[in-house]
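Here is the structure we will look at, set down as structure tokens.
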Amino acid sequence: MSTTELTEWAYPLAESLLAEPLPRRWAHSQGVAERARTIASILGKDADLMEAAAVLHDIGYAPDLAKTGFHPLDGARYLRDMAHADERVVRLVAHHSCAWMEADARGLREVLENDFPRSHPHLADALCYCDMNTTPDGTPTNPVDRVNEIAGRYGPDSLIGTFIRRAEPEILASTARVIERLAAAKRQPM
């Protein structure tokens, strides 16, 4: 499947899993994909791959897919086992936005990393950038406000609240690396 075909395949799949049961999550996923399009200039041949991963990154929240309660793992397993997706998309979904830290808090880190070894750090940074620059409703935001929103929504003492605060330095570093790549690309002569 070409990368363009991958994107064309990803949108209807994500919509079928999220739009009806979780419309706000679907709006967020569409917004994350929109952010991916805004950074296509630094992704080159991986731009369509990133857009596909972006629109699919939260499918593990879908009620039919939620098996472990850890959405990156549930989504990645579905993409691998049922949808037979491109391995790079599967791994990006499995590890989006510092998922390994949440997996650690849930006692699932070894499972996550054995099933889906981390790879492509520049793409992981890009997906984190897209996710952390998108509100739950799909509109643009910034990583600091997004982390605060997540902590506030789940509560500071919840597993997610604790994880997101622990992950915040890496989230900010990850998004900063993408911003630096964008700035460097703009500095390049045409």
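The values are calculated or read from the model by the stated rules, or taken from the named source; none is laboratory data. These numbers come from a predicted model, not from an experiment. Note that each Cβ is placed from the backbone with ideal geometry, even for glycine, and that neighbours are counted across all protein chains shown. Ligands, DNA and RNA are stripped out before the accessible areas are found, and what is left, the full protein with its side chains, is counted by its heavy atoms. Shrake-Rupley method; radii C 1.70, N 1.55, O 1.52, S 1.80 Å.
A few points about this structure:
- Of the set (1) free of Cβ contacts under 8 Å to residues at least 60 places away in the same chain; (2) over 19 Å from THR68 (Cβ atoms); (3) not charged (D, E, K, R), all apply to TRP100 but (2).
- Residue in the stretch 114-126 that is modelled with pLDDT of 95 or more, under 16 Å from ASP74 (Cα atoms) and part of a helix (DSSP H, G or I) present: yes
- Within the set VAL144, VAL178, the sole residue that is touching a Leu at 6+ places or on another chain (Cβ under 9 Å) and either in a helix (DSSP H, G or I) or without any contact (Cβ under 8 Å) to a residue 12 or more places away in the chain (or both) turns out to be VAL144.
- Scanning the stretch 54-69 for residues that are without any contact (Cβ under 8 Å) to a residue 40 or more places away in the chain and under 24 Å from MET132 (Cβ atoms) yields GLY60, ALA66, GLY69.
- When residues of the stretch 162-176 are limited to those that are of a type outside the set (A, V, I, L, M) and surrounded by 17 or more Cβ atoms within 10 Å (Cβ to Cβ), the one farthest from SER97 (Cα to Cα): THR162
Table: residues versus (1) more than 23 Å from ASP137 (Cα to Cα); (2) in contact with a strand residue (DSSP E or B) (Cβ under 7 Å, 6 or more places away or on another chain); (3) among the charged types (D, E, K, R).
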| position | (1), (2), (3) |
| --- | --- |
| GLU5 | yes, no, yes |
| LYS45 | yes, no, yes |
| ALA54 | no, no, no |
| ASP58 | no, no, yes |
| ASP64 | no, no, yes |
| LYS67 | yes, no, yes |
| PHE70 | no, no, no |
| ASP81 | yes, no, yes |
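- Within the stretch 61-86, the set of residues being touching a Phe, Trp or Tyr at 6+ places or on another chain (Cβ under 7 Å) and part of a helix (DSSP H, G or I) comprises HIS71, ALA76.
- Among the criteria (1) modelled with pLDDT under 95; (2) of a type in the set (D, E, K, R); (3) touching a Ser or Thr at 6+ places or on another chain (Cβ under 8 Å), the one GLU51 does not fulfil is (1).
- Candidate set: the stretch 142-161, residues that are at negative phi and open to solvent by less than 40 Å² (accessible area, probe 1.4 Å); chosen: the one farthest from the chain's Cα centre (by Cα): SER158
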